[in-house]
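Before any comments, here is the structure.
The values are calculated or read from the model by the stated rules, or taken from the named source; none is laboratory data. What you see is a predicted model; the values in this text were computed from it and never measured. Heads up, the Cβs are rebuilt from the backbone with ideal geometry, glycines too, and the neighbour counts pull from every protein chain shown. Heavy atoms of the whole protein, side chains included, go into the accessibility calculation; ligands, DNA and RNA do not. Shrake-Rupley method; radii C 1.70, N 1.55, O 1.52, S 1.80 Å.
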Amino acid sequence: MPSDPGDDPLDAYSAIVTSVAAQLTPRVAALRIRSSRGEAGGSAVVLTDEGHLLTNAHVVGDADGGSAELADGTVARFSVIGRDPLSDLAVVRADRPLTSPPEYGDADTLLVGSLVVAVGNPLGLSGTVTAGVVSALGRSMPARTRTTARLIEDVIQTDAALNPGNSGGALADSRGRVVGIATAVAGIGLGLAVPINATTHRIIAALVNDGRVRRAYLGLVSTPASLTPGQAERFGQRRALRVVEVIERSPAAAAGLHAGDVVLAVDGVPLGDAQSLQRRLFANAIGQRMEITVLRNGALVDAVAVPSELAD
């Protein structure tokens with residue numbers, strides 16, 4: 001007796017991808033931008049019912065606006081509301097409402113091997129859909145302004161095909177929820193996406209409401225570090241942040257922090273990754289006392305830093 005074709009895993013895979021494509025393709029726009037660097041293109045995802053779209057900062061560059069075209073042929077002019085090169089996110093607003101936004105999810109729920117679908121406009125080919133898996137999590141990607149450099153943390157790596165023009169497009173999970181914004185092609189079969197999570201939601205809200213992101217500045221360069229089993233049992237956490245560099249004349253330097261310190265907690269809250277520190281370094285932390293607990297040569301040391309405002 002022949003098996004039911006609906007039991008075929010490939011049919012199930014196809015059904016998921018076509019469902020996500022149907023949800024997202026009408027909600028991803030092709031952008032055309034003209035700036036001092038010349039003409040450029042990219043993608044953007046509808047963000048609000050009022051015509052806001054989410055894209056990459058590097059897509060809009062220094063431009064003030066451009067045009068956005070949806071899959072149904074609708075074309076609108078847009079203006080750049082705000083851009084944040086240190087997260088590679090930007091918000092633009094069309095001159096009219098476009099369509100309802102997709103659901104935005106949480107990239108922190110992804111696992112290596114999770115199915116993801118990318119929707120964008122690579123190489124000028126609008127409405128292109130590719131699928132793959134999350135091939136790695138926790139990647140870092142450098143970002144910089146004219147005066148500052150930092151790492152975008154917890155970047156999603158995927159083997160879903162990304163090409164020039166995909167930047168600013170959607171990376172969605174199997175339920176069609178946008179969990180990332182495609183940002184770079186890292187090599188053949190490797191694409192990167194800025195995650196949608198609690199930290200980026202704060203950045204997006206700041207861009208929509210204020211046109212910029214105010215950040216607190218400590219002057220630490222750190223990397224995640226695993227604690228030894230004995231340390232993990234002693235401190236009740238398995239991971240922390242190892243200080244790689246302390247910038248001269250920074251708040252961290254003034255607080256007496258040193259390269260090699262292992263940051264366990266800030267204001268009593270354990271830190272396990274760079275994002276857990278970065279999510280504390282927004283506008284409300286500027287000028288506020290911050291108690292930092294570090295492990296130095298086997299001993300606990302408490303330092304007090306007062307973050308300054310990160311210059312644009």
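Counting only protein heavy atoms and a 1.4 Å probe, the stretch 194-268 has 49 square angstrom of accessible area per residue.
In the elastic network of the chain, a GNM with C-alpha springs shorter than 10 Å, the most mobile of Leu171, Leu89, Leu190 is Leu190. In square angstrom, rounded to the nearest 10, how much accessible surface does Arg289 have for a 1.4 Å probe? Here the accessible area works out near 150 Å². Think of a 1.4 Å ball rolled over the protein heavy atoms: the stretch 55-169 then has 43 Å² of accessible area per residue.
Computed from point charges on the beta carbon alone (+1 for Lys and Arg, -1 for Asp and Glu), the dipole magnitude for the stretch 1-141 about its Cα centre is near 640 Debye. Asp49 sits with roughly 90 Å² accessible to a 1.4 Å probe, with DNA, RNA and ligands left out of the calculation.
Determine, for each peptide in 19-32, 245-258, 214-227, the mean count of other beta carbons within 10 angstrom over its residues, then list the peptides with the highest first. The partial results should precede the final answer.
Values: 19-32: 21.5, 245-258: 16.6, 214-227: 19.2.
Going from most to least packed, we get 19-32, 214-227, 245-258.
Rounded to 0.05, the FRET efficiency of the Ser100 and Ala299 pair, given R0 = 51 Å and the Cβ-Cβ distance, is 0.35. Note on the stretch 1-107: Cα-Cα pairs beyond 24 Å make up 34% of the total pair count.
Roughly how many Å is it from the Cα centre of the stretch 195-271 to that of the stretch 85-131, as a whole number? The stretch 195-271 and the stretch 85-131 have Cα centres separated by 27 Å. Overall, the accessible surface of the chain at a probe of 1.4 angstrom is composed of carbon and sulfur to the extent of 52 percent. Taking every C-alpha pair closer than 8 Å and separated by at least 6 residues, the mean separation divided by the residue count of the stretch 256-312 gives a relative contact order of 36 percent.
Extension gain, Ser67 to Ala205: 0.36 nm times the residue separation minus the Cα-Cα distance gives 47.4 nm. Checking (i) 6, 23, 26, 20, 13, 9, 3, 0; (ii) 6, 26, 29, 21, 13, 4, 1, 0; (iii) 6, 28, 35, 24, 7, 0 against the coordinates, the calculated P(r) over Cα pairs in 10 Å bins from 0, in percent falls under label (ii).
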